[in-house]
Amino acid sequence: MSINAAVLREMTCVIASEFLPKGLRVFDHSKGEWPLLGMIEGVASASASAGDADLVAFLGAAEFSSDLGAELSTFRASGLPVVCILCLAGDPADWPILEAGWSRTYTAEEFDAIADAAGYQVTLKVFPANGPAAACLLLPPEADPSAWWLEPGIEAQLKSYTSRGERQIEKYRAWLATGRKGVDWRLLSEQWRVRASIAASMIPPGLALLDVGCGAMYLEDEAAPRRYIPVDMDARDARTRVVDLNQQALPTEWIDEVDVVALMGVLEYINDPVALLKSIVGRRKPLLCSYNVNEARSARRDLKPGRWRNDYTSEEIEKLFTDIGYAITDSALFTGKQKIWRLDPVTETGRPALPFGPGREGAPPIVHDPVQERKEAARKARIDLKAERMAEREARVRNRRT
């Protein structure tokens with residue numbers, strides 16, 4: 001099994017472990033090696049049947065089944081929920097890290113129909129950020145009130161992941177409708193587009209830009225660079241330069257090719273962010289970066305396996321910037337959880353080597369708060385509605401007078 005396949009399996013199991021409680025007795029009917037049982041501290045069923053289990057694990061097995069409906073019906077007869085991990089997005093031929101020899105593949109709609117015919121409701125389907133496989137939970141529509149998945153805390157968690165999965169599926173369908181290729185549909189996000197727009201406003205257009213952790217490449221559209229070099233762990237298109245920054249350094253020759261480097265949503269995932277930052281400032285390059293600051297993080301997401309690797313507060317990371325030779329030229333607060341900075345190597349004159357973004361010299365930090373913006377929009381809508389009704393009332397009074 002390739003390293004990428006192992007990562008895909010681990011990350012999908014991480015998602016499943018987030019919505020499953022610990023300590024379940026699991027009848028493991030999986031194909032291949034999956035780390036889920038260890039993550040949930042599950043106990044494998046010792047019997048040859050699912051009769052004494054709390055859950056059936058059917059991981060990586062659906063694609064190899066000659067009759068998936070019949071297998072699910074067998075589990076349904078035991079009244080047990082089923083956790084599946086299977087490919088539901090994209091052509092398997094496009095994903096060489098997955099094993100060959102599948103009997104068939106399924107769309108999300110086909111899988112729902114098969115599960116429904118077997119007597120199951122597909123409660124949730126959640127995808128990781130790095131592959132087409134989804135972690136799915138199949139529940140019997142009718143269950144004893146004491147069933148583990150009906151416990152208040154667990155039920156609330158399942159609802160949260162159900163909503164997340166529904167948003168992902170809608171995003172995937174929208175991506176299919178556009179026919180857009182070269183960008184992973186999971187990476188499409190209006191929130192990240194807005195974040196890129198804010199970062200782009202901090203620099204002038206027409207620069208050469210190295211976009212490290214390029215994702216959906218929003219900076220290419222928002223920053224209007226004269227040259228754009230995308231970099232990521234996986235090739236997002238034919239131009240993408242591939243590097244794993246936890247395995248090797250960012251090549252200095254790439255840094256030397258550009259006027260500015262971007263690290264949007266990257267530093268959280270780096271084992272040694274100080275070394276990465278020093279490699280960029282050492283080449284005297286300005287930097288655009290964002291970071292989920294510690295004081296705004298929720299305990300549920302903090303430093304989970306395969307996710308964030310560090311936890312700086314605003315004060316700590318800004319001191320790090322200045323200690324290694326950067327000056328903070330511009331900044332923004334994004335959604336109340338992230339900060340965005342333009343950093344410039346310290347110069348003798350005290351002014352940045354590159355111009356400020358249009359209108360940004362001496363401007364206060366940018367604040368993007370969607371919640372506050374929605375409240376303000378609602379307030380304005382109420383004022384407009386009140387004015388409209390007042391105008392209608394005055395018009396009726398005038399009509400009566402005439």
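The values are calculated or read from the model by the stated rules, or taken from the named source; none is laboratory data. Note that the coordinates shown come from a computational prediction; the quantities given were computed from them, not determined experimentally. No Cβ is skipped: glycine too gets one built from the backbone with ideal geometry, and neighbour counts run over all protein chains shown. Calculation scope for accessible area: heavy atoms of the full protein, side chains included, ligands and nucleic acids excluded. Shrake-Rupley method; radii C 1.70, N 1.55, O 1.52, S 1.80 Å.
Of the candidates I255, I198, the single residue that is open to solvent by 10 Å² or more (accessible area, probe 1.4 Å) and of a type in the set (A, V, I, L, M, F, W, C) is I198.
Among the residues making up the stretch 59-85, those that are of a type in the set (A, V, I, L, M, F, W, C), part of a helix (DSSP H, G or I) and surrounded by 19 or more Cβ atoms within 10 Å (Cβ to Cβ) are A62, L68, L72, F75. Scanning the stretch 318-338 for residues that are in contact with a helix residue (DSSP H, G or I) (Cβ under 8 Å, 6 or more places away or on another chain), modelled with pLDDT of 95 or more and open to solvent by 50 Å² or more (accessible area, probe 1.4 Å) gives a single hit, I328. Per the listing P145, P140, the residue uniquely without any contact (Cβ under 8 Å) to a residue 40 or more places away in the chain and farther than 29 Å from A6 by Cβ is P145.
Under the condition of being of a type outside the set (A, V, I, L, M), open to solvent by 70 Å² or more (accessible area, probe 1.4 Å) and assigned to a helix (DSSP H, G or I), the residues counted in the stretch 100-123 number 3.
Scanning the stretch 225-240 for residues that are surrounded by fewer than 16 Cβ atoms within 10 Å (Cβ to Cβ) and modelled with pLDDT under 95 yields D234, A235, D237, A238, R239. Could you tell me which residue of the stretch 128-154 is farthest from D232 (Cα to Cα), considering only residues that are touching a helix residue (DSSP H, G or I) at 6+ places or on another chain (Cβ under 7 Å) and at pLDDT below 85? Only one residue fits best here, namely A143. Out of L88, L24, L8, one residue alone is modelled with pLDDT under 90, closer than 23 Å to K159 by Cα and buried (at least 17 other Cβ atoms within 10 Å of the Cβ). It is L88.
Restricting the search to the stretch 318-339, which residues are in a strand (DSSP E or B) and within 21 Å of G362 (Cα to Cα)? The answer is Y326, A327, I328, T329, D330, S331, A332, L333, F334, K339.
When R351, R374 are screened for being modelled with pLDDT under 95 and part of a helix (DSSP H, G or I), only R374 passes. All told, Y228 falls short of being under 19 Å from the mean Cα position of the chain (by Cα) and of a type outside the set (A, V, I, L, M). Within the stretch 68-79, residues that are over 11 Å from V56 (Cα atoms) sit with their Cβ atoms under 7 Å from residues that are open to solvent by 20 Å² or more (accessible area, probe 1.4 Å), at 6+ positions apart or across chains, in these pairs: L68/I114; G69/I114; G69/A117; S73/G119.
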